[in-house]
Ligand code: G6P
């Protein structure tokens, strides 16, 4: 409704949309709840369960959500997944499996590069599912099935709440298929998502800390690096994109293990490095990465799950289910980008050269 798109007392839509994220998670729980569980419509369940491989197609932030979605479908439901950048898929179509299902992730549902792929795979006779925030959008109308994000209108060009909604809806879909196909599950997604909503709220309530970090690390920085391993790697890509989009700081997200294969050459006195540490199995490795960059003069800020704290500047996240950490760890990165853009007097909601939805190929 109209009140959803008023800025109210907020200086920017982006900050308002970041703040809405706990509500968005709760809305998704409500929209997808069925009794004690969260699930998706039976026809979508059937399409997912019958596929021998899922092909996720998306661009920008939605592509980053797709990378997490792959982990959900593989780790929770046991279905193999490929994730493709929509523009690349157009020229570089992979060899397809026997029973593929295509999943288009798009906040707007209008991205031309993604639509081009949808048209092509429809010609080939394949089925498709669109995960979008906009009911009645082109990708939603033209695909066989739709899952809605229930995030409310997203106005700021830099996507925040839609990303979190995409990741949450993909988790719901993966969880629902797992239940459908009889995979043993040792957690209750509905409960875990409620914990996530609270975890996000805790970060939002301490945004002053993120404002300070943005000032200390990024006010005059030329570049910045985001590192992580496993799921944190996917989030580091999104953290770097957010910072680029609105602060124009050259930023790169990469896998911690790749540091030694090139990027460490760029670390100088004062280079900002944001390290994500939410995945227990790689805690020691990421700690090693932080030591390596600090030894070369970097300013390292660690974003760690409770219990994985590090010495030095460390933002501690309230514990959530390990698969759901991307929903929480991205929030401080969004806020740090927001405040960095403010400190640098950038136009937060309407960054130069960018459009909210890109309807040209
Ligand atoms: C544009 C926006 C990005 C968005 C991308 C994909 O570049 O500025 O924020 O991630 O398009 O948009 P979609 O609507 O398909 O998710």
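The values are calculated or read from the model by the stated rules, or taken from the named source; none is laboratory data. If you're wondering where the values come from, they're calculated on a predicted model, not measured in any experiment. Note that we place each Cβ from the backbone using ideal geometry, even for glycine, and neighbour counts take in every protein chain shown.
Brief remarks follow.
- Taking the range 61-86 as the range and being touching a helix residue (DSSP H, G or I) at 6+ places or on another chain (Cβ under 6 Å), free of Cβ contacts under 8 Å to residues at least 60 places away in the same chain and away from the ligand (no atom under 16 Å from the Cβ) as the test, only 81 passes.
- For the range 226-237, a residue qualifies if it is in a helix (DSSP H, G or I), touching a strand residue (DSSP E or B) at 6+ places or on another chain (Cβ under 7 Å) and crowded, with 24+ Cβ neighbours inside 10 Å, and the qualifying residues are 232, 235, 236.
- Where residue 179 falls short, out of the listed (1) within 26 Å of residue 251 (Cα to Cα); (2) assigned to a helix (DSSP H, G or I); (3) touching a strand residue (DSSP E or B) at 6+ places or on another chain (Cβ under 8 Å): (1)
- Of all the residues in the range 182-225, those that are without any contact (Cβ under 8 Å) to a residue 24 or more places away in the chain and part of a helix (DSSP H, G or I) number 4.
- Which numbered condition residue 157 misses (of (1) over 28 Å from residue 37 (Cβ atoms); (2) at pLDDT below 95; (3) more than 16 Å from the ligand (Cβ to nearest atom)): (3)
- Among the conditions (1) surrounded by 22 or more Cβ atoms within 10 Å (Cβ to Cβ); (2) assigned to a helix (DSSP H, G or I); (3) free of Cβ contacts under 8 Å to residues at least 60 places away in the same chain, the only one that residue 56 does not satisfy is (2).
- Taking the range 83-100 as the range and being in contact with a strand residue (DSSP E or B) (Cβ under 6 Å, 6 or more places away or on another chain) and closer than 15 Å to residue 48 by Cβ as the test, the residues that pass are 97, 100.
- Options 323, 327, 333, 354; residue that is within 16 Å of the ligand (Cβ to nearest atom) and modelled with pLDDT of 95 or more: 333
- Boolean, residue 112 is within 10 Å of the ligand (Cβ to nearest atom) and out of contact with any helix residue (DSSP H, G or I) (no Cβ under 7 Å at 6 or more places or on another chain): yes
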